[in-house]
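Chemist: Next up is a structure, given as structure tokens.
The values are calculated or read from the model by the stated rules, or taken from the named source; none is laboratory data. Not measured: the values here are computed from a predicted model. We place every Cβ from the backbone using ideal geometry, glycine too, and count neighbours over all the protein chains shown. All accessible areas refer to the heavy atoms of the entire protein, side chains included, with ligands and DNA or RNA removed. Shrake-Rupley method; radii C 1.70, N 1.55, O 1.52, S 1.80 Å.
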Amino acid sequence: MVDMAHTTVAHISGIAAHEGCEVTLRGWLHNRRSSGRIHFLTLRDGTGFIQAVMSKAAVGEDVFRQADHLGQETAIRIHGLVRADARAPGGYEIDVAQLEQVGPSQDYPITPKEHGVEYLLDHRHLWLRTERQQAILRIRHEVIDSIRTFFNERGFVLVDTPILTPAACEGTTTLFPVPYFDTATAFLTQSGQLYNEANAMALGRVYCFGPTFRAEKSKTRRHLTEFWMVEPEMAYAALDDVMALGEELVAAVIGRVLANRRRELAVLERDTAPLERIRTPFPRVSYDEAVEILRQRGLPFEWGGDFGSPDETALAEHFDQPVIVHRFPAAAKAFYMKADPQRPEASLSVDVLAPEGYGEIIGGGQREDDYDVLCERVRAHDLPEDTFSWYLDLRRYGSVPHGGFGMGVERVVAWMCGLAHVREAIPYPRMLHRLTP
Ligand code: 4AD
Ligand code: MG
């Protein structure tokens with residue numbers, strides 16, 4: 001018997017380096033089938049999956065019989081010889097010389113048969129162990145890392161914004177209140193933007209990246225109540241700069257996912273052709289032009305409102321590329337948007353719409369930088385002036401044109417992965433009817 005504590009530990013993702021050597025793998029039993037004198041054990045260790053072949057001849061009667069009773073997801077350590085095998089999915093197999101049970105598992109709730117999505121969501125803490133969910137989480141990791149790299153390489157400074165806030169940013173109807181000791185009510189942040197604007201006046205170009213919360217009672221495949229948003233903000237910037245930055249960011253994220261996550265995209269059976277077709281510059285249309293396109297395509301659209309998801313789908317389909325829509329009606333957007341000096345009923349706002357039905361992934365624009373106009377807006381939107389006095393200060397002390405946007409991570413991940421719903425794009429989705437596990 002080898003003492004596994006004193007052997008070479010390998011990870012499945014790096015198994016090629018150990019060909020012809022004996023190693024120890026530590027993981028969980030994903031699947032098991034037997035043919036009389038041989039057990040085929042699929043081991044997963046978080047970095048990948050590998051078939052471990054255990055013959056009665058190699059391990060002896062007792063260990064062989066023990067393996068008959070190992071349930072799915074039993075934690076095991078195995079020791080054996082790494083062997084190249086052209087037929088194996090990862091190119092290698094391991095011949096088991098020794099097996100040790102670390103933690104038992106019986107009657108695992110998620111079996112290889114089909115389960116309904118509500119059942120899977122109830123077991124999200126275990127569902128994450130499947131190959132598909134692991135692939136999604138790795139792509140999410142890549143998306144987040146590519147976003148951070150993108151901003152860091154361009155000299156943006158990461159400045160964190162608070163999650164407990166005293167006031168609304170995106171609209172008062174979608175806030176989660178939190179009792180704040182005995183005297184006050186705080187709200188979970190909807191966006192770090194207002195603080196980002198202050199940070200940009202301090203550091204020039206900044207971004208925040210964290211969880212944000214929306215209490216809207218939406219039950220669509222694009223809405224979560226808790227989601228992650230990256231928000232860049234730039235001093236001395238106009239709407240055009242905001243659009244250019246959004247376009248570059250989206251292109252950079254796609255590039256990184258395609259370059260580094262081929263294996264995961266294949267696990268998800270994602271057709272990558274629509275992603276590979278994407279080219280900058282993205283088509284840019286004004287809201288007015290977009291309305292015209294919708295009407296031409298037979299969608300009855302009234303000037304003035306925000307786009308619904310069928311409208312967004314139709315627009316992106318029209319171009320078969322991500323589409324940048326700018327200058328929405330001021331009435332359809334938040335209080336802080338700067339009015340278009342050419343046409344005050346329009347705002348210097350922008351949305352980026354993803355193709356393939358994924359819709360809005362970016363929302364932003366140029367901010368109102370005039371003190372008097374902004375005071376007027378705060379009043380017109382019935383916002384508490386005292387809680388916004390610090391925000392108004394930014395227009396009193398060295399106000400400059402500035403702007404930025406927010407990009408929702410889950411919508412981007414859902415799009416990259418080709419998911420039908422954003423709920424699989426976040427480890428523990430929070431939705432109208434789901435707060436567990
Ligand atoms: O368009 P939104 O509401 O814009 C803002 O919050 C601005 N304050 C951002 C800024 O300018 N700094 O949200 C931005 C993005 C959307 O385009 C979408 O990708 C995502 O956040 N998003 C959601 N994702 C999942 N579930 C929801 N309920 C979302 N709401 C917005
Ligand atoms: Mg929006």
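Chemist: Identify the single condition in (1) farther than 24 Å from residue 328 by Cα; (2) modelled with pLDDT of 95 or more that residue 195 does not satisfy, given that it satisfies every other one.
Modeler: (1)
Chemist: Tell me, yes or no, whether the stretch 223-241 has at least one residue that is touching a residue at least 40 places away in the same chain (Cβ under 8 Å), among the aromatic types (Phe, Trp, Tyr), surrounded by 14 or more Cβ atoms within 10 Å (Cβ to Cβ) and within 16 Å of ligand 2 (Cβ to nearest atom). Talk me through it step by step, then tell me what you get.
Modeler: Of the stretch 223-241, the ones touching a residue at least 40 places away in the same chain (Cβ under 8 Å) are 223-239, 241.
After this cut, where a residue has to be among the aromatic types (Phe, Trp, Tyr) as well, the list is 227-228, 236.
Now drop any that are not surrounded by 14 or more Cβ atoms within 10 Å (Cβ to Cβ), which leaves 227-228.
Still in the list and also within 16 Å of ligand 2 (Cβ to nearest atom): 227-228.
There is at least one residue in the stretch 223-241 that is touching a residue at least 40 places away in the same chain (Cβ under 8 Å), among the aromatic types (Phe, Trp, Tyr), surrounded by 14 or more Cβ atoms within 10 Å (Cβ to Cβ) and within 16 Å of ligand 2 (Cβ to nearest atom).
Chemist: Check every one of the helices (runs of 4 or more DSSP H) wholly within the stretch 280-389 and list those with 2 or more residues that are over 26 Å from residue 221 (Cβ atoms) and of a type in the set (A, V, I, L, M, F, W, C).
Modeler: On the way: elements: 287-296, 309-319, 371-380.
Correct list: 371-380.
Chemist: Within the set of pairs 6+ apart or on separate chains, which have a first residue in the stretch 399-416 that is closer than 16 Å to residue 208 by Cα, a second that is modelled with pLDDT under 95, and C-beta atoms under 7 Å apart?
Modeler: So the pair list comes out empty.
Chemist: Related question: So which residues in the stretch 192-222 are open to solvent by 50 Å² or more (accessible area, probe 1.4 Å) and either within 16 Å of ligand 2 (Cβ to nearest atom) or within 23 Å of residue 140 (Cβ to Cβ) (or both)?
Modeler: Here is the first cut: in the stretch 192-222, the ones open to solvent by 50 Å² or more (accessible area, probe 1.4 Å) are 195, 201-203, 205, 216-217, 219-221.
Residues satisfying the conditions are 216, 219, 220, 221.
Chemist: For the stretch 312-330, check the following and say yes or no: at least one residue is among the small types (Gly, Ala, Ser), within 13 Å of ligand 1 (Cβ to nearest atom) and more than 19 Å from residue 273 (Cα to Cα). Break it down into steps so the answer makes sense when it comes.
Modeler: Initially, the stretch 312-330 is screened for residues among the small types (Gly, Ala, Ser), giving 314, 316, 330.
Then keep just the ones that are within 13 Å of ligand 1 (Cβ to nearest atom); that gives none.
Scanning the stretch 312-330, I find no residue that is among the small types (Gly, Ala, Ser), within 13 Å of ligand 1 (Cβ to nearest atom) and more than 19 Å from residue 273 (Cα to Cα), so the answer is no.
Chemist: Would you check which residues across the stretch 395-423 are within 16 Å of ligand 2 (Cβ to nearest atom) and within 27 Å of residue 200 (Cα to Cα) and list them?
Modeler: The answer is 403, 404, 405, 406, 407, 408, 409, 410, 411, 412.
Chemist: If you scan the stretch 134-182, which residues turn out to be open to solvent by 30 Å² or more (accessible area, probe 1.4 Å), aromatic (Phe, Trp, Tyr) and touching a residue at least 12 places away in the same chain (Cβ under 8 Å)?
Modeler: 176, 180
Chemist: Can residue 16 be described as open to solvent by 50 Å² or more (accessible area, probe 1.4 Å), in a helix (DSSP H, G or I) and modelled with pLDDT of 95 or more?
Modeler: Here the answer is yes, as residue 16 does meet what is asked.
Chemist: While we're here: Being open to solvent by 10 Å² or more (accessible area, probe 1.4 Å) and either of a type in the set (Gly, Ala, Ser) or more than 13 Å from ligand 2 (Cβ to nearest atom) (or both) is the filter; apply it to the stretch 358-367 and report the residue that is nearest to the chain's Cα centre (by Cα). Walk me through how you get there before you give the answer.
Modeler: Of all residues in the stretch 358-367, those open to solvent by 10 Å² or more (accessible area, probe 1.4 Å) come to 358, 360, 363, 366.
After this cut, where a residue has to be either of a type in the set (Gly, Ala, Ser) or more than 13 Å from ligand 2 (Cβ to nearest atom) (or both) as well, the list is 358, 363, 366.
Working: 358: 13, 363: 16, 366: 25 Å.
Among those residues, the one meeting the criterion is 358.
Each row is one residue, and each column tells you yes or no for (1) surrounded by 19 or more Cβ atoms within 10 Å (Cβ to Cβ); (2) farther than 16 Å from residue 286 by Cα.
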| site | (1), (2) |
| --- | --- |
| 305 | no, no |
| 308 | no, yes |
| 320 | no, yes |
| 325 | yes, no |
| 345 | no, no |
| 349 | yes, no |
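Chemist: Does any residue in the stretch 321-347 that is over 16 Å from residue 372 (Cβ atoms) and assigned by TED's automatic domain parsing to the domain that holds residue 395 come within less than 7 Å, Cβ to Cβ, of a residue that is part of a strand (DSSP E or B) and open to solvent by 30 Å² or more (accessible area, probe 1.4 Å) six or more places away or on a different chain, and which pairs are these?
Modeler: Cβ pairs passing all conditions: 324/284; 326/284; 329/345; 330/345.
Chemist: Going through 131, 118 one at a time, which residue ends up being without any contact (Cβ under 8 Å) to a residue 12 or more places away in the chain, farther than 14 Å from residue 425 by Cβ and among the charged types (D, E, K, R)?
Modeler: On the way: 131 fails: without any contact (Cβ under 8 Å) to a residue 12 or more places away in the chain.
Only one candidate qualifies: 118.
Chemist: Among the residues of the stretch 377-413, write down those that are in contact with a Gly (Cβ under 9 Å, 6 or more places away or on another chain) and open to solvent by less than 50 Å² (accessible area, probe 1.4 Å). It would help to see each step written out before you state the result.
Modeler: Looking only at the stretch 377-413, we keep the residues that are in contact with a Gly (Cβ under 9 Å, 6 or more places away or on another chain), and these are 381, 403-408, 411.
Of everything in the stretch 377-413, those that are in contact with a Gly (Cβ under 9 Å, 6 or more places away or on another chain) and open to solvent by less than 50 Å² (accessible area, probe 1.4 Å) turn out to be 403, 404, 405, 406, 407, 408.
Chemist: Related question: Are any of the residues in the stretch 85-101 open to solvent by 50 Å² or more (accessible area, probe 1.4 Å), within 23 Å of residue 429 (Cα to Cα), more than 16 Å from ligand 2 (Cβ to nearest atom) and in contact (Cβ under 8 Å) with a residue 40 or more places away in the chain?
Modeler: no
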